[in-house]
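Below is one structure, written out as structure tokens, with a few remarks after it.
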């Protein structure tokens, strides 16, 4: 995928440098730009421009890039320019199959412990998702997608599994957004979220597990069909 080289479009400045270390601030800003697609897969990172734009020296910037490389968001080789890591179908398979196993388990366990408060929260998040789809806002939809699922998974009470699924979702964020942008991806996810919520309201535990499993694997299958756009 050919990436644009004009990084002037990422025109935000890093907030709160007085309250956070410059490394953390640079890391968080770059990470957000990568996950939201402002920095494109395969795009070279002009360190001089980034350092000047974010008002940090090259040293904290390099440390931030190393952290991003450890998360596989940046591809960096000695004596070569760092680039935003390309999207990878191999990685998609790894992430989504892992998520499929864990999310369906957490969904089933969570569905047995749902309170009326959590159901209301999920309903409110669903309504916000509908508005984000109508507004054509994939970034907001992706955030709400995560919150909706994680409200259900938190109810399971499995702290270790919950931490692991958060890490897997972090690594999947670019792919989730890519899927939401592809044709009617966000709208189709919304339909499936409505089914998940109704099954939760009906206390159909097995149905919740099945629907979440289907939801994750359908995302994977869709990404497989557009593999040519991921490399």
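Tabulated values for the structure
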quantity: Förster-model FRET efficiency, 22 Å R0, residue 140 and residue 120, C-beta, rounded to 0.05; calculated: 0.60
quantity: Using alpha-carbon coordinates, inclination of helix 89-111 to the longest axis of the chain, degrees; calculated: 40 degrees
quantity: Tilt relative to the chain, helix 116-135 - C-alpha long axis, 0 to 90 degrees, to 10; calculated: 50 degrees
quantity: Separation of the residue 48 and residue 204 label points, Cα + 7 Å toward Cβ, nm; calculated: 6.1 nm
quantity: Cβ-based exposure ranking for 33, 49, in which fewest neighbours within 10 Å come first; calculated: 49, 33
quantity: Value of relative contact order over the stretch 119-231, rounded to a whole percent, pairs C-alpha under 8 Å and six or more apart; calculated: 27 percent
quantity: Residue-averaged 222 nm ellipticity for the chain, from DSSP H runs of 4+ at -39500 (n - 2.57), nearest 500; calculated: -22500 deg cm²/dmol
quantity: On Cα atoms only, tilt of 205-225 relative to the major axis of the chain in degrees; calculated: 40 degrees
quantity: The chain - percent relative contact order, Cα under 8 Å, separation 6 or more; calculated: 24 percent
quantity: Virtual spin-label span in nm between residue 187 and residue 154, 7 Å along Cα→Cβ; calculated: 3.1 nm
quantity: Per-q log10 I(q)/I(0), the stretch 63-195, q = 0.18, 0.21, 0.23 Å⁻¹ (Debye; single scatterer per alpha-carbon; no solvent); calculated: -1.08, -1.29, -1.40
quantity: Extent along principal axes [Cα atoms of the chain; Å; largest to smallest]; calculated: 56, 42, 34
quantity: Alpha carbon centroid spacing (whole Å) that separates the stretch 35-72 from the stretch 139-210; calculated: 29 Å
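Read-outs throughout are calculated quantities, based only on the coordinates presented, and are distinct from any laboratory measurement. Owing to the predicted nature of the structure, the values given are computational and were not obtained by experimental measurement. Cβ sites come from the backbone with ideal geometry, for glycine too, and all protein chains shown count toward neighbours.
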